[in-house]
Amino acid sequence: MITVRRGLLLGLGVAAGRRALEMARQTPHGDDWHRTNYRGRTVSLAGGPALATAATVTAAAGAGAPSLAAAAILAGGTAGAVGWYDDIVGARPDQATAKGFRGHLAALRDGRVTSGMVKVAGVGLAGLAAAALAEADSPRGRGPLRRIANVALGGGVIAGTANLVNLLDLRPGRAIKAGTLIAVPMIAGPAGGLVAGPVGAAAAVLPADLAEEVMLGDAGANAYGALIGLALTVRSGPWRRAALLAGIAALTAASEKVSFTKVIEATPGLREFDALGRRTVRDEPGAASPTGS
């Protein structure tokens, strides 16, 4: 059951998301944020900092404990910041050649530190630090080795979820839909205060994302994923964290070999959900109307 407080956090997230998006779209540097999406349309990166900021602030507001609030700020804020760095710097010609984790590792072996590697390191370290803060709020009586294992597994879940949501951000609305599917069932649970606000913020950004007016980029997708990962960590013990991390690692490894887009488009149900609300050719200005309409 969603309590009144969680409902208020959802509403706060919607309001914060709308305001953050409005401010991001009005920035004087907006022309530098334009990118070309998969259909060749010019889209603004404004959705990324808007979602990262609104989701992080509202997650901290709903955390319920100072240590969890700090963990939310650290996880969401850092993931958003290093993701934004990769969004901006990664578009440069000398950076754009490194693709995927293997590409960034290859560049590192050649003595080049790519923006993508900065993002990977930043999200990973922030995940560990956030997991340690979350562990500080857990019941005492655990041995040091168990606490260290919990932090390591929790950090992996936070960073891995951030990366996984970002891997899905290849079509308008996909990353928000996938992340929200994971987050919504948690709203009524013990970690619900951490995700209620971010879900509301994501809902506020989703229409502009689907309309191909803005995109999340690494900033928005990483931050949203990191906050969802933090909530998953808070509500899970070591064995469940290990299972979650194993599943995330398997999906991440699969993404290096298999196109998620091709799998989704070939799977009934997933295909329709993925396309729900997305702009089509018929929605384009000047597109021909169907005969008889």
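The values are calculated or read from the model by the stated rules, or taken from the named source; none is laboratory data. Here the structure is a predicted model, which is why all the values come from computation and not from measurement. So basically every Cβ, Gly included, is an ideal-geometry build from the backbone, and we count neighbours across all protein chains shown. The area values use the complete protein model at the heavy-atom level, side chains included, leaving out ligands, DNA and RNA. Shrake-Rupley method; radii C 1.70, N 1.55, O 1.52, S 1.80 Å.
Give, as residue ranges, the helices (runs of 4 or more DSSP H) completely inside the range 137-248 that count at least 2 residues that are charged (D, E, K, R), open to solvent by 30 Å² or more (accessible area, probe 1.4 Å) and more than 22 Å from Arg41 (Cα to Cα).
144-167
For the range 1-60, give me each residue that is β-branched (Val, Ile, Thr), under 22 Å from Ala211 (Cα atoms) and at pLDDT 95 or above.
Keep residues of the range 1-60 that are β-branched (Val, Ile, Thr), which gives 2-4, 14, 27, 36, 42-43, 53, 56-58.
Narrowing further to those that are under 22 Å from Ala211 (Cα atoms): 14, 27, 36, 42-43, 53.
Those that are β-branched (Val, Ile, Thr), under 22 Å from Ala211 (Cα atoms) and at pLDDT 95 or above: Val14, Thr53.
If you take the residues in the range 30-77 that are touching a Leu at 6+ places or on another chain (Cβ under 8 Å), in a loop (DSSP other than H, G, I, E, B) and closer than 18 Å to Ile176 by Cβ, which one is least open to solvent (accessible area, probe 1.4 Å)?
Among them, the one singled out is Ala46.
Quick one: Thr27 ticks every box in (1) in a helix (DSSP H, G or I); (2) open to solvent by less than 80 Å² (accessible area, probe 1.4 Å); (3) without any contact (Cβ under 8 Å) to a residue 40 or more places away in the chain bar one, so which box is it?
Thr27 satisfies all of (1) in a helix (DSSP H, G or I); (2) open to solvent by less than 80 Å² (accessible area, probe 1.4 Å); (3) without any contact (Cβ under 8 Å) to a residue 40 or more places away in the chain except (1).
List the residue pairs whose Cβ atoms are under 9 Å apart, where the first residue sits in the range 78-91 and is under 19 Å from Thr36 (Cβ atoms), the second is aromatic (Phe, Trp, Tyr) and in a helix (DSSP H, G or I), and the two are 6 or more positions apart or on different chains.
Cβ pairs passing all conditions: Asp87/Trp33; Ile88/Trp33.
For the range 66-99, which positions are among the polar types (S, T, N, Q) and at pLDDT 90 or above?
Across the range 66-99, the qualifying residues are Ser67, Thr78.
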